[in-house]
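These notes concern the structure reproduced below.
The values are calculated or read from the model by the stated rules, or taken from the named source; none is laboratory data. Source: prediction; values computed, not measured. Cβ sites come from the backbone with ideal geometry, for glycine too, and all protein chains shown count toward neighbours.
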Amino acid sequence: MSPNPLSQPDTPKPSSLTPEGYHRGLGRRQIQMISIGGAIGTGLFLGAGSRLQQVGPSLALVYLVCGIFAFLMLRALGELVMYRPTSGSFVSYAQEFLGPQASYVAGAMAFFNWAMTGILDITAVALYMHFWGTFAAVPQWVFALIALILIAGMNMIGVRWFGEMEFWFSLIKVVALSLFLIIGVAILGLRTPVGGEATGLHLITQNGGLFPHGVLPALVLVQGVVFAYAAIELIGTAAGECEDVPHILPKAINAVIWRIGLFYVGTVTLLVLLLPWQAYQTGVSPFVTFFTRLGVPGIDTVMNIVVLTAALSSLNSGLYSTGRVLRALALDGSAPKFLTYMNSRSVPSAAILLTVSIYLVGVVLNYFLPTQIFEIVLNLASLGVLSTWSFIVLCQMRLRKAINRGEIPATSFPMPWSPISSWLTLAFFASVIVLMAFDYPNGTWTICCIPILAIFLTIGWKVFRHTPEPDASIAPPTIPSIVLTDDLLENSPQPHPRDTPRSHKS
């Protein structure tokens with residue numbers, strides 16, 4: 001019987017550290033679940049109802065198209081990770097292939113995205129807790145603070161605690177969706193009426209067809225649906241602390257496309273075959289609507305637990321990711337030096353605590369700011385998702401050029417159909433930004449705020465930029481990738497002299 005991962009010592013042995021000083025504490029089951037959980041969020045459990053109202057059955061097609069390009073981005077990231085696994089993820093690759101300024105922009109936009117998303121997540125947790133009347137008298141900030149303390153504490157203890165939490169959070173989401181799929185397929189196959197109405201394809205054909213409101217609303221919705229897949233790139237960051245990257249990562253990434261097809265496209269298709277799309281409402285989980293029509297008691301409570309889990313999962317992933325991204329920026333000289341500090345458990349504690357402080361400020365701001373302003377901020381944060389994905393693809397294109405020139409050995413997990421697929425993916429991301437401008441008022445104002453965001457990025461570069469220590473770079477160009485890869489595969493107790501962990505120096 002394998003030992004309990006949580007019973008192992010908290011302080012990692014030198015032989016289990018990556019070249020960046022992180023602990024290789026994530027195993028196969030955790031990486032697999034992180035890859036699944038990153039593709040399933042509150043957007044599906046809660047937001048699908050409002051999106052069905054907007055575009056009807058064509059939502060399944062929109063999810064499919066966005067999912068394909070999200071998967072191609074993930075394959076680009078997979079090629080980069082197989083070249084050189086790193087917890088710095090796209091920030092590290094941007095530093096190596098695009099330069100320090102691109103690395104800074106990529107990291108800053110990713111941090112901004114996760115910081116704003118984290119504020120939303122802790123607020124959502126508090127709102128979901130108020131669903132139960134027992135907690136109605138408890139102030140919202142109390143639940144927000146409890147959630148933040150819980151997630152921050154687990155992230156500070158060690159990476160395997162993060163992995164365990166994300167494993168169970170993801171498992172709850174997967175089990176909930178799997179039960180719906182099994183029950184839905186059984187009802188559809190047996191022709192069992194739902195709410196007194198027959199199920200089947202006629203629910204689509206007799207209610208306006210695939211595009212009941214026309215094609216244009218479906219096109220505009222692309223800019224909202226694409227963000228449902230935000231966080232799937234987390235698997236690239238987690239790979240830097242994975243025990244067996246060459247064997248685990250390709251399988252985990254390749255499985256994402258099938259999970260997207262099953263959990264998103266399959267789920268939405270089932271929903272519109274079981275009930276008319278008009279039955280689903282904004283602000284109400286479509287799963288609650290379906291099971292309520294079936295007469296299942298207490299389903300609203302069960303789904304509230306699932307949505308609560310999805311919010312905690314997003315908060316957990318965001319805090320994990322921002323900690324690594326901030327430290328990567330600091331090591332590159334693009335963020336304050338104190339953010340390079342790591343505690344005795346190989347956790348970037350300074351970066352995590354800075355993120356937590358922003359979350360705390362965000363709770364207060366969220367309480368005072370009007371809803372519309374807050375939504376504009378979140379739309380701005382969504383630009384961080386597109387910029388992150390675009391930088392990943394750009395880095396992959398530079399990597400492939402270096403491989404074609406014979407400067408770098410080919411990886412065992414290349415991006416399929418590159419560079420054509422890479423260019424198509426970038427074109428799709430650019431089109432999403434254009435479509436965002438047509439989403440008045442929030443999307444339009446978001447695009448108008450891009451110059452302001454650029455000014456803040458410029459100020460940040462001037463204020464925080466410093467010369468990194470010669471031995472502190474997370475992507476030293478003088479070290480061949482084979483050296484870093486051998487260190488990961490052989491788990492050598494005596495790392496390369498240039499790769500010696502420097503986790504406790506600020």
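The rows are residues; the columns are (1) out of contact with any Lys or Arg (no Cβ under 7 Å at 6 or more places or on another chain); (2) surrounded by 21 or more Cβ atoms within 10 Å (Cβ to Cβ); (3) modelled with pLDDT of 85 or more.
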| position | (1), (2), (3) |
| --- | --- |
| Gln140 | yes, no, no |
| Ile149 | yes, no, yes |
| Phe162 | yes, yes, no |
| Gly184 | yes, yes, yes |
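In the list Ser387, Ser421, Ser412, which residue meets the criterion of being modelled with pLDDT under 95, assigned to a helix (DSSP H, G or I), among the small types (Gly, Ala, Ser) and in contact with a helix residue (DSSP H, G or I) (Cβ under 9 Å, 6 or more places away or on another chain)? I'd like the intermediate steps shown before the answer.
Working: Ser421 fails: modelled with pLDDT under 95; Ser412 fails: assigned to a helix (DSSP H, G or I).
Just a single option satisfies the conditions, and that option is Ser387.
For Val220, all conditions in the list (1) touching an Asp or Glu at 6+ places or on another chain (Cβ under 8 Å); (2) farther than 30 Å from Leu64 by Cα; (3) hydrophobic (A, V, I, L, M, F, W, C) hold save one; what is the number of the exception?
Of (1) touching an Asp or Glu at 6+ places or on another chain (Cβ under 8 Å); (2) farther than 30 Å from Leu64 by Cα; (3) hydrophobic (A, V, I, L, M, F, W, C), only one is false for Val220: (2).
May I ask you to list pairs of residues, at least six apart or on different chains, whose Cβ atoms are under 7 Å apart, with the first in segment 188-206 being closer than 17 Å to Thr292 by Cβ and at pLDDT below 90 and the second being part of a loop (DSSP other than H, G, I, E, B) and of a type in the set (Phe, Trp, Tyr)?
Within 7 Å, no pair qualifies.
Among all residue pairs at least 6 apart or on different chains, which show Cβ distances below 9 Å where the first residue, located in segment 436-452, is in contact (Cβ under 8 Å) with a residue 60 or more places away in the chain and the second is surrounded by 15 or more Cβ atoms within 10 Å (Cβ to Cβ) and not in a helix (DSSP H, G or I)?
Qualifying pairs under 9 Å: Thr446/Asp439.
Give the residue, chosen from Gly56, Gly67, that is crowded, with 23+ Cβ neighbours inside 10 Å, at pLDDT 85 or above, at positive phi and assigned to a helix (DSSP H, G or I). Walk me through how you get there before you give the answer.
Working: Gly67 fails: at positive phi.
Gly56 is the lone residue from the list that is crowded, with 23+ Cβ neighbours inside 10 Å, at pLDDT 85 or above, at positive phi and assigned to a helix (DSSP H, G or I).
Give me the pairs, please: first residue somewhere in segment 399-419 and among the small types (Gly, Ala, Ser), second residue anywhere and assigned to a loop (DSSP other than H, G, I, E, B), beta-carbon distance under 6 Å, and either six or more positions apart or on two chains.
Here the result reads Ala402/Ile408, each pair linking segment 399-419 to a residue that is assigned to a loop (DSSP other than H, G, I, E, B).
Please give the number of the condition Val296 fails out of (1) among the hydrophobic types (A, V, I, L, M, F, W, C); (2) in contact (Cβ under 8 Å) with a residue 24 or more places away in the chain; (3) out of contact with any Pro (no Cβ under 8 Å at 6 or more places or on another chain).
All conditions pass for Val296, except number (2).
Which residue out of Ala144, Ala124, Ala108, Ala94 is crowded, with 21+ Cβ neighbours inside 10 Å, of a type outside the set (Ser, Thr, Tyr), assigned to a helix (DSSP H, G or I) and in contact with a Cys (Cβ under 7 Å, 6 or more places away or on another chain)? Reasoning before the result, please.
Details: Ala144 fails: in contact with a Cys (Cβ under 7 Å, 6 or more places away or on another chain); Ala124 fails: in contact with a Cys (Cβ under 7 Å, 6 or more places away or on another chain); Ala108 fails: in contact with a Cys (Cβ under 7 Å, 6 or more places away or on another chain).
Selected residue: Ala94, the only one of Ala144, Ala124, Ala108, Ala94 that is crowded, with 21+ Cβ neighbours inside 10 Å, of a type outside the set (Ser, Thr, Tyr), assigned to a helix (DSSP H, G or I) and in contact with a Cys (Cβ under 7 Å, 6 or more places away or on another chain).
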